[in-house]
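Shown next, in structure tokens, is the structure this report addresses.
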Amino acid sequence: MTDIFRVRAGKTFSAIVLFLTFAFLIASCSDLVNEPTVQQETVQSGNILSKENPLVRAAINVQEKHTSALMDIPEVIGTAVGLTDDGRPCILVLTKTDIKEAALAKRQADPLPQKLENIPVEQMVTGEIKAFKSSKPGTDTKTDHKSKQTSPIQLGTSGGWRYDLANGYCCGGTLGSLVSKGGKQYILSNYHVLEADIVNGGNGRVATNGDPVVQPGLIDVSCNAANAQNVASLVLNHSLPGSNVDAAIAEVISGMVRTDGAILEVGPISSSTVAASINQAVKKSGRTTGLTRSKVSGLNATVSVAYDNECAGGSAFTKTFSGQIIIANKASRFLAGGDSGSLMVEDVATNPRAVGLLFAGSNTLAVANPIGQVLSFFGATMVGN
């Protein structure tokens, strides 16, 4: 169970955390054998490696073959493909706790193989994985990301569904970027930020087509929508639970959002996109942590996320994603609660290309939907130069 990466607060700003875990298909552990069938080479640890790199592709093939068996090991919550310290493509096994250390303390055999088909296997202790819709105002110094802006606003800012409160709490996330479809412009964020209320529960309503999307989010205006401004109108697309992305859009209200799609501290972006690569330098602008930088540390991850059906509501469903991007997030310095919906772009000074849509993580890693999958779901393009 994990926490959605938006924020939630009580009217006294009490913090509630929602939980998310990684899960995968189940298969026989008899697959966990060291078969020297793939020739391994060494690359420089700082190299940027895409999925098209032959060594990365080989590692992904082995990862996909053995993921379900690895997931049968207690405390394993995911897999991805990354690099060893000396630069070799490897299978990353994500664990809640240090299962190698625990086995050593108990004088038991190492539960993880050292290699699979000659591909190194590395443990990555992640702890609990969270999806970052948060419930507290936040302590960062990037106050412009949470303050009410003078229209037309820039994105990378606090925002959310106007009625995102229930049971004495209110929620919020990040209005990430601007996309275009059919000659109209839309704000892009996460499903769980804009349209996750699907039951008549604590607030007596569900997310409805045409509902207002506000800036800032309720979390940053003491749960009082009168202190925020309507900037867009929700377009229900129900990306979850059926698709492989956590995404939502809202049609811009004329004059309320900069038409060039500028993002706070990033500026205008490119209209083209780029696929993620291992070691790729990336940045994002979000509601809680503002402008932050990191690098892609894993590709082709599979993630199972548990969702609530409203702010401070009960469990709605669990969704398993595949082909996700993993980003280094030491001490939650790249992504934290309330940053859900942030657009991840390449770390260049001018007109960066979009890489992914951020929605989940822990204090060691962050998770993003590949931007190509997001745009394909909507039939949209990025607004940019």
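The values are calculated or read from the model by the stated rules, or taken from the named source; none is laboratory data. Everything numeric here is computed off the predicted structure, so don't read it as measured data. Backbone-built Cβ (ideal geometry, glycine too); neighbour counts: all protein chains shown.
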Quick one: count up the residues across the range 209-227 that are in a loop (DSSP other than H, G, I, E, B), over 14 Å from residue 251 (Cβ atoms) and polar (S, T, N, Q).
-> 2
Quick one: what pairs do we get from the range 37-64, first residue assigned by TED's automatic domain parsing to the domain that holds residue 91, second at pLDDT 95 or above and of a type in the set (Asp, Glu), C-beta under 7 Å, 6+ apart or different chains?
-> 37/117; 38/117; 62/117
So which pairs qualify, if the first residue must be in the range 87-104 and assigned by TED's automatic domain parsing to the domain that holds residue 55 and more than 30 Å from residue 54 (Cα to Cα), the second must be at pLDDT below 95 and among the hydroxyl-bearing types (Ser, Thr, Tyr), the Cβ gap must be under 8 Å, and the two must be at least 6 apart or on different chains?
-> 96/126
Among (1) surrounded by fewer than 23 Cβ atoms within 10 Å (Cβ to Cβ); (2) touching a residue at least 24 places away in the same chain (Cβ under 8 Å) - the single one residue 119 does not satisfy = (1)
Those residues of the range 171-229 which are surrounded by fewer than 17 Cβ atoms within 10 Å (Cβ to Cβ) and among the acidic types (Asp, Glu), in sequence order | none
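Which fully enclosed strands (runs of 3 or more DSSP E) of the range 285-375 have 1 or more residues being within 26 Å of residue 58 (Cα to Cα), under 11 Å from the mean Cα position of the chain (by Cα) and polar (S, T, N, Q)? Reasoning before the result, please.
Values: elements: 290-308, 315-328, 343-346, 354-361, 365-370.
Strands (runs of 3 or more DSSP E) meeting the threshold: 315-328, 365-370.
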Return the only residue of 379, 341, 337, 298 being more than 17 Å from residue 129 (Cα to Cα) and not hydroxyl-bearing (Ser, Thr, Tyr).
-> 379
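Please pick out the residue among 320, 302, 381, 364 that is in contact (Cβ under 8 Å) with a residue 12 or more places away in the chain, out of contact with any helix residue (DSSP H, G or I) (no Cβ under 9 Å at 6 or more places or on another chain) and either among the hydroxyl-bearing types (Ser, Thr, Tyr) or in the same structural domain as residue 181 (by TED's automatic domain parsing) (or both). If you could, list the steps in order and put the result at the bottom.
Numbers: 302 fails: out of contact with any helix residue (DSSP H, G or I) (no Cβ under 9 Å at 6 or more places or on another chain); 381 fails: out of contact with any helix residue (DSSP H, G or I) (no Cβ under 9 Å at 6 or more places or on another chain); 364 fails: out of contact with any helix residue (DSSP H, G or I) (no Cβ under 9 Å at 6 or more places or on another chain).
Every option except 320 fails the conditions.
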Given the conditions (1) surrounded by fewer than 23 Cβ atoms within 10 Å (Cβ to Cβ); (2) modelled with pLDDT under 95; (3) more than 20 Å from residue 242 (Cα to Cα); (4) of a type in the set (S, T, N, Q), every one holds for residue 277 apart from (2)
Scanning the range 157-181 residue by residue, those part of a loop (DSSP other than H, G, I, E, B) and either over 18 Å from residue 352 (Cβ atoms) or without any contact (Cβ under 8 Å) to a residue 24 or more places away in the chain (or both) turn out to be 162, 163, 164, 167, 168
Please specify each residue of the range 360-385 satisfying the condition of being modelled with pLDDT under 95 and among the aromatic types (Phe, Trp, Tyr).
-> none
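Let's see how each residue does on (1) closer than 19 Å to residue 326 by Cα; (2) part of a helix (DSSP H, G or I):
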| residue | (1), (2) |
| --- | --- |
| 47 | yes, no |
| 52 | yes, no |
| 55 | yes, yes |
| 73 | no, no |
| 78 | yes, no |
| 81 | yes, no |
| 91 | yes, no |
| 104 | no, yes |
Would you check if there is a residue in the range 336-349 being surrounded by fewer than 24 Cβ atoms within 10 Å (Cβ to Cβ) and of a type in the set (S, T, N, Q)?
-> no
How many residues are of a type in the set (S, T, N, Q), in a loop (DSSP other than H, G, I, E, B) and more than 17 Å from the chain's Cα centre (by Cα) when one looks only at the range 233-284?
-> 7
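Residues in the range 157-176 that are in contact with a Gly (Cβ under 6 Å, 6 or more places away or on another chain) and hydroxyl-bearing (Ser, Thr, Tyr): how many? Break it down stepwise before answering.
First pass over the range 157-176, keeping only residues in contact with a Gly (Cβ under 6 Å, 6 or more places away or on another chain): 158-160, 166-169, 172-176.
Narrowing further to those that are hydroxyl-bearing (Ser, Thr, Tyr): 158, 169, 174.
Total meeting the criteria: 3.
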